[in-house]
Amino acid sequence: MKKIFLSLLLGSSIVSIAQETTINDALRYAVNNLNGTARFSAMGGAFGAVGGDLSSLNVNPAGSLFFSNNFASISGTNSNIHNRSDYFGTRTKENHSTLDLNQLGAVLIFNDSSGKSDWSKIAIALNYDSTNNFDNSIFSGGVNPYNSIGNYFIDKAQGLPLEYMELQSGESVSQLYSYLGETAGLGFPAQQAMLGYQAYLFEAFDGSDPNNVDYYTNVPTGGNYYQENYVTTSGFNGKLTANVASSYQNKLFLGLNLNAHFTDYLKTTSVYEGNNNPLYSSGLTVTDIQFDNELYTYGTGFSMNVGAIYKFTDNFRAGVAYESPTWYTLNDGLSQRLITRTTDGTNNYQDVINPNIVNIYESYKIQTPSKWTLSGAYLFGKKGLISVDYATKDYSNIKFKPTNDSFFRDLNSQMSSQFKNTYELRIGGEYKIKQWSLRGGYRFEESPYKVDFAMGDLTGYSTGIGYNFGENRLDLAYANDHRNYNLALVSSGMNDTARVRTTNNNITVTYSVNF
């Protein structure tokens, strides 16, 4: 990969009125990874009618009643993510590993042995699960035969008067960037146009007219642009669950979860472009572009779950559960820098347009889709079990709010037309040999898109082993899943994307204790 030739972004902060949120930002909070205890992971998360595991409360809150006594567990996961990227025939690879404490919780069991009430058992639990680990890195590179990333900047500029991109006497880039971000009707698009203009990526057809709205590019138009995109992300989605459940005549089990969500996400991107096309006969020719962005998002949310499990026989039981939408309140901060190299055929120039500003945007809300899960489990006495979960989630119901905001309204319309109602299938099994437990699982999750090329289906397999010491237990699981999706270098101006195949390999260890 070409060497990044200047330091990272620094900055102060301003308030800005608009940012370029995309539907992929919504999917970041609507699509969850399969995390949890080692037993839960090893069986593919198929726990809707099984219960007896703290991570199973995320599927069906009635599952806490299948603990026979007070119970606590703690889990750690080593995640290895392998990304293979294909960009116009050039294939690249990137690996990223991380260690995470992804589950911690306990449940208290209260039994009424007097026989005076049909509601003879109550469970109260508190559990933390990491629903998404964002630690990742992706590198894509290749020769684009069609489009320059300079199109992104000139696309933002068309129709914008030149006076908003030119520096006035004594005005700095930081001051102009700040002014554009705070001015109604301008905001983020004008900031992008200004960056491109100040870096000589394009120029005005009539540079003497402050009302000029037409521009031409200084990037050679011959195609065959060598481009690189390096993306690193870090952070997590976490969920703290307060659970209460009760059983009726040891046949019907009912549960309720109240969930507090919190998220912390950092994304750094660096896009590079170089070309060796013939120089323009006059004026400047752009030879290199580097565009750096750093996005920080944090926020909180709330959701709830209700669930029921019915024991038809000692061997067979079935469950149904509903998970409400999660209502997030989010805050974004964005830093940017643009570096260009140009030549007039005789002299070479480098322009670094670094406003040293962090755009602090107004808080906004995301409502993720609700989810229904139907489950069944068959127990082979004390020897083992097999379990199946079938879940549905309608991604077209994702909403950015306030919905009366014109930008969010367009995004919501886009998601409504591109996303669909999906299904998820999870199958798990467990077989016990004395103190040992052997486990396996399968998971399939349909793409949120009607046309799944943008993001493909997810397929996963898992296995694991556990040993029961009596009062405590140690479990180990290995889970593998993969999914293909498209990754854009810039959000507009060019539609070319890298095709990325992401493979997750997770090893989870859980220590549990009865008390």
Output the relative contact order of region 112-271, whole-number percent, from Cα pairs under 8 angstrom with separation of 6+ residues.
37 percent
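Over region 195-241, what percent of the accessible surface lies on carbon and sulfur atoms, probe 1.4 Å?
Numbers: 910 of 1840 Å².
Roughly 50 percent, rounded to a whole number.
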Placing +1 on the Cβ of each Lys and Arg and -1 on the Cβ of each Asp and Glu in the chain, which of 62, 416, 331 has its Cα farthest towards the positive end of the resulting dipole?
62
Given a 1.4 Å probe, how much area per residue of the chain is accessible, in Å²?
43 Å²
Eligible aspartates and glutamates near residue 251 by straight Cα distance, threshold 18 Å, same-chain separation 8 or greater:
112, 118, 314
Under 5 Å from the placed amide H of residue 90, counting only residues 5+ away or on other chains, we find 143
When the accessible area of region 290-420 is split by element with a 1.4 Å probe, what percent falls to carbon and sulfur?
54 percent
Over region 30-165: Kirkwood hydrodynamic radius from C-alpha pairwise inverse distances, Å
19.5 Å
Roughly how many debye, to the nearest 20, is the charge dipole of region 178-317 about its Cα centre, given +1 on each Lys and Arg Cβ, -1 on each Asp and Glu Cβ, and no other charges?
1380 debye
Taking Cα atoms, the helix 173-182 axis meets the longest principal axis of the chain at an angle in degrees (rounded to 10) of 60 degrees
Environment charge of residue 408, counting only residues whose C-beta is closer than 10 Å and scoring Lys/Arg +1, Asp/Glu -1:
+2
Taking the 0 to 90 degree range and rounding to the nearest ten, how far is the long axis of helix 187-198 tilted relative to the main principal axis of the chain, both from C-alpha atoms?
40 degrees
Assign one of three labels to the chain, namely rounded, prolate or oblate, based on the Cα gyration tensor with a ≥ b ≥ c the square roots of its eigenvalues; rounded applies when a/c is under 1.5, prolate when it is not and a/b is larger than b/c, and oblate otherwise.
prolate
Lys, Arg +1 and Asp, Glu -1 on Cβ, resulting dipole of the chain about Cα centre, debye, nearest 20:
2780 debye
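The values are calculated or read from the model by the stated rules, or taken from the named source; none is laboratory data. All of these numbers come straight from a predicted model, not from anything done at the bench. Don't worry about glycine lacking a Cβ; one is built from the backbone with ideal geometry, like all the others, and counts go over all protein chains shown. Keep in mind that these areas ignore ligands, DNA and RNA; they rest on the heavy atoms of the full protein, side chains included. Shrake-Rupley method; radii C 1.70, N 1.55, O 1.52, S 1.80 Å.
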